[in-house]
Amino acid sequence: MSRTRKNKYLVDIRNHLLEALKDVLIPPACPVCRKPSSAPVCTQCMQAIEVVGGKLCPRCGTSGQGETCTNCRSSELYYYQARHFAYYAKTIKVLVLRYKKQGMHTLAGLLARFLEICYNSHYSAAPIHYLDGLPSVPMARICRCLESNLKIPYANNFKKIGPAAKQKFLSAQDRRLNPQGAYKVARSLKFAGKNLLLVDDIFTTGSTLNCLARLAKRAGADKVYLLTLARGV
Ligand SMILES: [Zn+2]
Ligand SMILES: [Zn+2]
């Protein structure tokens, strides 16, 4: 064994030992309420998840009368369908914050599992060739978990090309226009004639995802399905 490989091997062993030791010294806790829990999320926090259900707008997946909502009728949408696991509140809101802002990378698997449940409810029969998401490290981690669980290849075909202005400081019109200059499709041929599953954490206005769907369609994609963890409330 070479010296470099041996060092890597020793570092791997050390990391495994540290993880095992951590579980002994610090009992596992629910990442939401921090109370001791052997499950990934405690029962009480799991029960607080408000899953999106009932009659949905067939297009954007918003709860309603089961007909295309007024927003979808008046908007130019490039995605074929959008579906969301839960509402952005309580447990889901805390999990997303812990994952994205507080560096709890280990939550990627759990968040991907929630997305998988939503996928199985709505898209399992859809002919999807690739999955993809916003080009960010947290989203890439979730996409890789989904790639492994759903057996759909992660295209990783969107690239950031400009600094997207902070969405919260923009007007509704600027929000719609902003992402177009911020992202591009890296390899157009990859999307040509393919159906895409576009994954994200939160769907509020859907503008960023709609713009990514537009870029994918312009690159020749056939249908773009959106799958998000949470519908903004
Ligand atoms: Zn809890
Ligand atoms: Zn709608």
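Answer with yes or no whether A48 is within 16 Å of ligand 1 (Cβ to nearest atom), small (G, A, S) and within 17 Å of the chain's Cα centre (by Cα). No, not satisfied. Against the definition (surrounded by fewer than 18 Cβ atoms within 10 Å (Cβ to Cβ), of a type in the set (V, I, T) and at pLDDT 95 or above), how does T70 come out, yes or no? Answer is no for this residue. Which pairs do you get when a residue that is farther than 15 Å from R187 by Cα, found in segment 209-233, comes within reach of a residue that is of a type in the set (G, A, S) and assigned to a helix (DSSP H, G or I), reach meaning Cβ atoms under 6 angstrom, with the pair 6+ apart or on two chains? Qualifying pairs under 6 Å: V224/A213; V224/A216. Collect the residues in segment 217-229 that are within 20 Å of P127 (Cβ to Cβ) and either of a type in the set (D, E, K, R) or under 17 Å from the mean Cα position of the chain (by Cα) (or both), keeping them in residue-number order. Hits for segment 217-229 are K217, D222, K223, V224, Y225, L226, L227.
Against the conditions (1) without any contact (Cβ under 8 Å) to a residue 40 or more places away in the chain; (2) closer than 30 Å to T106 by Cβ; (3) buried (at least 18 other Cβ atoms within 10 Å of the Cβ), A86 satisfies every one except (1). Please determine whether any residue of segment 186-197 is modelled with pLDDT of 95 or more and in contact with a Leu (Cβ under 6 Å, 6 or more places away or on another chain). Among the residues of segment 186-197, at least one is modelled with pLDDT of 95 or more and in contact with a Leu (Cβ under 6 Å, 6 or more places away or on another chain), which makes the answer yes. Q65 meets each of the listed conditions (1) within 16 Å of ligand 2 (Cβ to nearest atom); (2) more than 16 Å from T228 (Cβ to Cβ); (3) assigned to a loop (DSSP other than H, G, I, E, B); (4) at pLDDT 90 or above apart from (4).
Residue-by-condition table, conditions (1) in a helix (DSSP H, G or I); (2) in contact (Cβ under 8 Å) with a residue 40 or more places away in the chain; (3) within 16 Å of ligand 2 (Cβ to nearest atom); (4) not hydroxyl-bearing (S, T, Y):
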site	(1), (2), (3), (4)
V41	no, yes, no, yes
Q44	yes, no, no, yes
G61	no, yes, yes, yes
C72	yes, no, yes, yes
Y78	no, yes, yes, no
A82	no, yes, yes, yes
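The values are calculated or read from the model by the stated rules, or taken from the named source; none is laboratory data. In this text the structure is predicted, and so the values were computed from the model without any measurement. Here the Cβ is made from the backbone with ideal geometry for all residues, glycine too, and neighbour counts use every protein chain on show.
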